[in-house]
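Here is the structure we will look at.
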Amino acid sequence: MRHRAKATRHNRTITVDFCDESTYFQVLSDGKAFVEFVLAFILALGFQLAHKPTCRGGGCLTRHSHYARVRLGGLTLWRIQCTTCKAVFTVLPHFVLRYRTMQPAVARDALIATHGGLSLAWCAVICHISPMALYRVLCAFGQHNVVTVLTRCGLPLPTYILADEKHSRCLAERVYLPTIVRGRVIWHLGYSASKSAAAFTESYGVFQRAALEHEPSYQVRGALTDGFDSTVSSMRTLFPGARLGFCLRHALNKLPDKLIGVSASVRQGLRSKFHALLHRCRQRKSLRVVALGQRLRHLAMRIATTVGEKHGERVRQWFQAKKAGWYAVLEDPQMPAMSTMLDQAHNAIDRKLFAMKGFHHPGGAQAAFLTGLAHLYNLIPYQRRALNAGQCGVEVEGGRVPTSDWMLNLQILTSGGFR
Ligand SMILES: [Zn+2]
């Protein structure tokens, strides 16, 4: 009940980096200095405050009221108010989490352990917090849409996307996580109890709505999938103008399945032929599509002569069903050709889902929990020896993060009071 009452109120909390705690206590006693500090911080970020819809901002901000947070040892928090629209913003210093007694430093350790694949229970042991507390922290960050956070980092909405669903389990039930990835960042990590096209459309629609809210003219130019029916048709419904491609690597891995009963070495040989074929078509700058049609016919013929007409026919039919998706990839040089990045994201998430028993209960806040995981995936920097070491996914994709501290970035970027 507590949660529901809060959700209806507009969250205008902003997390402000006061560098260290003593600075905060210094400016607390001086109203003018306090407002100036906050304004300078917002200006440096290049963010704007979420005023009321009728307000154009630009008015004055004054210190409005303060209150003491008993659970934080009586820490004084100030609110500031816009003199024009009367919107009130709660200023949270960086060393406090919204509605939580848990310190950011504790949450940071637990979240990084979680991100590294440690179970909620084990994270709780090493960080001296309850598994439920950690689960709730993740869900709290997950209340904020991924699209909002990523666009705050200056990333443009993705015009070419990878879309695919991850199969998982909630207790004994099968569940699906429709996912959208562009490069190294997850733009959507949804949750669906059904694998129907309608359910997937609903989930991917959450991403579309958030994107349109940010940019009403937003359009997807191309989407790459593995060819799963529900994913394909939900893409077609939501992004009618988009080119729909099928992953070429997925196609390569599927070919041997079409040749059941054929010896492994022969199947491998034909797969290499198919690989060379797709590779050569991708390299051609012009006439890629014409070349593909011709070469597919030749390959099917070759399969028929080496392993028999029955196999040849099966492969021919499969080519027929899938080739439009491969054409779509080859027609547009900007189209992603392989869903490798999405598979990597899914593998990373998979380890957490497996390790986290907290996820697996029917009454859980799965959507928020998964969004929280997506934030971690996007914002936690890669390890020392990794490619792009020290940078997070957002930075690798050309986005900017507010500070060099990922935890603080997570706090700032998921603040409800910024626009
Ligand atoms: Zn205002």
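Since every read-out is calculated from the coordinates, none of them should be taken as a lab result. Owing to the predicted nature of the structure, the values given are computational and were not obtained by experimental measurement. Note that we place each Cβ from the backbone using ideal geometry, even for glycine, and neighbour counts take in every protein chain shown.
How large is ³J(HN,Hα), in whole Hz, for each residue of region 255-265 in order, when computed from phi with the Karplus curve 6.51 cos²θ - 1.76 cosθ + 1.60 and θ = phi - 60°, using x for Gly and Pro?
Karplus-based 3J(HN,Hα) across region 255-265 equals 3, x, 5, 7, 10, 5, x, 8, 4, 4, 5 Hz.
Can you give me the convex hull volume of the Cα atoms of region 271-325, divided per residue and expressed in Å³?
In region 271-325, the Cα hull volume divided by residue count equals 67 Å³.
Just round it to a whole percent: the fraction of Cα-Cα distances in region 169-232 exceeding 13 Å.
68 percent
Mind pulling the angle between the C-alpha long axis of helix 229-238 and the longest principal axis of the chain? Nearest 10 degrees, somewhere in 0 to 90.
In the chain, helix 229-238 runs at an angle near 60 degrees to the longest axis.
Work out how much length Thr237 to Ser130 would gain on full extension: take 0.36 nm times their residue separation and subtract the Cα-Cα distance, in nm to one decimal.
34.2 nm
In whole Hz, with x marking every Gly and Pro, tabulate ³J(HN,Hα) for region 77-89 from phi via Karplus 6.51 cos²θ - 1.76 cosθ + 1.60, θ = phi - 60°.
Karplus-based 3J(HN,Hα) across region 77-89 equals 10, 9, 10, 10, 10, 7, 6, 7, 9, 6, 5, 10, 10 Hz.
Scale the Cα Rg of region 80-156 by the rule-of-thumb value 2.2 N^0.38 Å and send over the ratio, two decimals. Could the numbers behind the result be given before it?
Numbers: Rg = 15.7 Å, N = 77, 2.2 N^0.38 = 11.5 Å.
Compared with the compact-globule rule of thumb, region 80-156 sits at 1.37.
For the chain, set up a Gaussian network in which alpha carbons nearer than 10 Å are linked by springs, and say which option among His94, His51, His361 fluctuates the most.
The residue with the greatest mean-square fluctuation here is His361.
Could you state the principal axis extents of the C-alpha atoms in region 55-118, from the largest down, to the nearest angstrom?
48, 29, 13
Quick one: if you stick a label point 7 Å off each Cα along the C-beta vector at Leu387 and Asp350, how many nm between them?
1.9 nm
Treating the angle as unsigned and between 0 and 90°, give the value, to the nearest 10°, between the Cα long axis of helix 131-141 and the longest Cα principal axis of the chain.
90 degrees
Would you mind computing the Rg to Rh ratio of region 240-356 from its alpha-carbon coordinates, Kirkwood style for Rh?
Dividing the radius of gyration by the Kirkwood radius yields 1.04.
Relative to a virtual label point 7 Å from the Cα of Ser404 in the Cα→beta-carbon direction, which members of region 369-388 show backbone nitrogen distances below 16 Å?
Backbone N within reach: 381-382, 384.
What per residue convex hull volume, in Å³, comes out for region 289-419 when only alpha-carbon positions are used? Provide the component values of the computation, followed by the final result.
Numbers: hull volume 29.6 nm³, N = 131.
Enclosed volume per residue, from the Cα hull, is 226 Å³.
Can you give the Kirkwood hydrodynamic radius of region 1-147 from its Cα pairs, in Å with one decimal?
After inverting the pairwise mean of 1/r, the radius is 17.0 Å.
Just from its helices, what would the mean residue ellipticity at 222 nm be for the chain, if runs of 4 or more DSSP H residues each count -39500 (n - 2.57) and the sum is divided by every residue, rounded to the nearest 500 deg cm²/dmol?
-15500 deg cm²/dmol, from helical runs alone.
So what is the relative contact order for the chain, in percent, with contacts set as C-alpha pairs under 8 Å and at least six apart?
Once divided by the residue count of the chain, the mean separation gives 22 percent.
Averaged over every viewing direction, what's the projected area of the C-alpha convex hull for the chain? Give it in nm², one decimal, please.
23.8 nm²
Taking only Cα atoms, what is the 0 to 90° angle, nearest 10, from helix 31-45's long axis to the longest principal axis of the chain?
The helix 31-45 is inclined about 10 degrees to the chain.
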